[in-house]
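Presented below is the structure to which this report refers.
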Amino acid sequence: MTGRPDGSKVWFDPYGVLIHPGQTVRWINRDKANSHTATAYAAVNDDHPRRIPKGVAPFNSDYLLTGESFEVTLNLPGIYDYFCIPHELAGMVGRIIVAEPGVTKFKDYPDGDLEKVVLDGFPTVADILAYGPLHHKEG
Ligand SMILES: [Cu+2]
């Protein structure tokens, strides 16, 4: 989690990652100007549409102050979309793909239930599978 020193822009870096089942993802708030959350798309998280695999317990870091961190271990293959509670509508969202080695295709979630600024914030499944960790071009 990071952002400009004046807080005018915030983002997850990387905002797309590819891991294998059983690996752990850790978010660290490296933004000196803002608190952030890493919150899975799910009904229990502020009534959001579910965008994590069926059967997985939705995660929510709650607010992380500068220097604080949160981690989850993801065992089930699939797409895990998450957002930052205060900055979702600023496009602060991210995507984790959990895939067995060699898997090259996943069914994406329907777009209709999210606003365009949010959808535009996600890296594509194809890019994550092709390039691994994805970083925004500019801060
Ligand atoms: Cu945030």
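Rule-based calculations on the coordinates, nothing more; no lab input. Since this is a predicted model, take the numbers as computed values, not measurements. FYI the Cβ positions are ideal-geometry reconstructions off the backbone, even for glycines, and counts take in every protein chain you see.
At a glance:
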{"quantity": "Contact order relative to length of the chain, as percent, for alpha carbon pairs under 8 angstrom and 6 or more apart", "calculated": "31 percent"}
{"quantity": "Net +/- balance of residues flanking Gly91 in space, Cβ distance below 11 Å, scoring K and R +1, D and E -1", "calculated": "-1"}
{"quantity": "Label-point gap, in nm, between Leu89 and Arg4 - each point 7 angstrom along Cα→Cβ", "calculated": "2.0 nm"}
{"quantity": "Unit charges at the beta carbon, dipole of the chain: most positive-side option, Phe59, Val103, Phe12", "calculated": "Val103"}
{"quantity": "Nearby lysines by direct alpha-carbon distance to Lys32 (threshold 30 angstrom, same-chain neighbours under 8 apart not counted)", "calculated": "Lys9, Lys116, Lys137"}
{"quantity": "Distance in nm between pseudo-label sites at Asp46 and Ala33 (7 Å out along the Cβ direction from Cα)", "calculated": "2.0 nm"}
{"quantity": "Once exposed loop trypsin sites (Lys or Arg not before Pro) are cut out (DSSP; at most 14 other Cβ, 10 Å), longest piece of the chain", "calculated": "55-104"}
{"quantity": "Rough spin-label spacing in nm, given labels placed 7 Å along Cα→Cβ, for Asp111 and His20", "calculated": "3.4 nm"}
{"quantity": "Full-extension gain in nm, Ala57 to Tyr131, via 0.36 nm per residue minus C-alpha separation", "calculated": "23.9 nm"}
{"quantity": "Estimated [θ] at 222 nm from DSSP helical runs (n ≥ 4, -39500 (n - 2.57)) normalised by residues in the chain, nearest 500", "calculated": "-1500 deg cm²/dmol"}
{"quantity": "Chain lengthening between Asp13 and Asn75 when straightened (0.36 nm per residue, less Cα-Cα)", "calculated": "20.1 nm"}
{"quantity": "Of every Cα-Cα pair in the chain, the percent that sits beyond 26 Å", "calculated": "16 percent"}
